[in-house]
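Worksheet: the structure to be examined is printed underneath.
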């Protein structure tokens, strides 16, 4: 496994992933061995909240502890959204990913978990999540964010149309004049996209201080310790969560 963590937040390797703290929140980013039963054993006082993720820009506000989710993830009546926010303690906001970008965001009195594929990045779900937190009274200068493991810029291949759409989103941010796409070495109709840089730019553009953004430099496609839908074509997912203490 090759994982580099860039930023000020410290994480410890544990069974099934990495655990750390920012502000008053616990954060966890799983590898392919992460599973809900083991997370429940380690955090017995937490209620784990999940979403029916559909690559949307919908954000769910979690006001109450959810009903217990079956360990097998079957027959679950989850809210249809791709981010959720809460100011309640002891609720672990979870996202499940296998190449998409998990983003966990914390302030002193509110937390959020975001599932951002390329469609979510295009529809600005990160900015909209932070806007919802601000609407609830959170000051962006107090926010900290961590971008978790996802498919890397050397591996994420898209067509020209998707590349042009994501570059248009990136240019609008005026974060860096360089594009987030590069030519494919073998196919002139494809491009390789750096989702890390786009996610980081969206966080900073939304007011998160640059020094408060931490990024996992891990490529789920090339690292066999992670699930990767593009590599394996299977339904396995990593679990990530954030929990206010």
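The values are calculated or read from the model by the stated rules, or taken from the named source; none is laboratory data. These numbers come from a predicted model, not from an experiment. For neighbour counting, all protein chains shown are included, and Cβ atoms are generated from backbone atoms with ideal geometry for every residue, glycine included.
Looking at 217, 192, can you tell me which residue is at pLDDT 95 or above and touching a strand residue (DSSP E or B) at 6+ places or on another chain (Cβ under 8 Å)?
Result: 192 is the single residue among 217, 192 that is at pLDDT 95 or above and touching a strand residue (DSSP E or B) at 6+ places or on another chain (Cβ under 8 Å).
Working carefully through the options 244, 195, find the one that is in contact (Cβ under 8 Å) with a residue 60 or more places away in the chain and within 30 Å of residue 64 (Cβ to Cβ).
Within the list 244, 195, the selection yields 244.
When residues of the stretch 212-226 are filtered for being surrounded by fewer than 22 Cβ atoms within 10 Å (Cβ to Cβ) and not in a strand (DSSP E or B), how many remain?
Result for the stretch 212-226: 5.
In the stretch 142-153, which residue that is touching a residue at least 60 places away in the same chain (Cβ under 8 Å) and closer than 30 Å to residue 185 by Cβ is surrounded by the fewest Cβ atoms within 10 Å (Cβ to Cβ)?
Step by step, filter the stretch 142-153, then rank; the result is 152.
This table checks each residue for (1) crowded, with 16+ Cβ neighbours inside 10 Å; (2) more than 20 Å from the chain's Cα centre (by Cα); (3) within 30 Å of residue 86 (Cβ to Cβ).
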{"site": "125", "(1), (2), (3)": "yes, no, yes"}
{"site": "132", "(1), (2), (3)": "yes, no, yes"}
{"site": "135", "(1), (2), (3)": "no, yes, yes"}
{"site": "140", "(1), (2), (3)": "yes, no, yes"}
{"site": "155", "(1), (2), (3)": "yes, no, no"}
{"site": "182", "(1), (2), (3)": "no, yes, no"}
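Output the residues belonging to the stretch 34-57 that are within 18 Å of the chain's Cα centre (by Cα), part of a loop (DSSP other than H, G, I, E, B), in contact (Cβ under 8 Å) with a residue 40 or more places away in the chain and at negative phi.
Within the stretch 34-57, 34, 35, 50, 51, 53, 56, 57 meet the criteria.
Testing residue 9 on (1) within 17 Å of the chain's Cα centre (by Cα); (2) in a loop (DSSP other than H, G, I, E, B); (3) at pLDDT below 95; (4) closer than 20 Å to residue 224 by Cα, one condition comes back false. Which one is that?
With respect to (1) within 17 Å of the chain's Cα centre (by Cα); (2) in a loop (DSSP other than H, G, I, E, B); (3) at pLDDT below 95; (4) closer than 20 Å to residue 224 by Cα, residue 9 is out only on (4).
Which is farther than 29 Å from residue 180 by Cα, in contact with a strand residue (DSSP E or B) (Cβ under 7 Å, 6 or more places away or on another chain) and surrounded by 15 or more Cβ atoms within 10 Å (Cβ to Cβ), of 92, 116, 106, 83?
After ruling out the rest, the residue left standing is 92.
Can you pull out the residues in the stretch 113-123 that are within 14 Å of residue 59 (Cα to Cα) and under 10 Å from the mean Cα position of the chain (by Cα)?
113, 114, 115, 116, listed by residue number.
Looking only at the stretch 184-211, count how many residues are in a helix (DSSP H, G or I) and surrounded by fewer than 15 Cβ atoms within 10 Å (Cβ to Cβ).
Qualifying residue count for the region: 2.
Find the strands (runs of 3 or more DSSP E) located wholly in the stretch 105-183 whose residues include 3 or more that are on the phi < 0 side of the Ramachandran plot and at pLDDT 95 or above, and list them.
111-116, 144-147, 157-159
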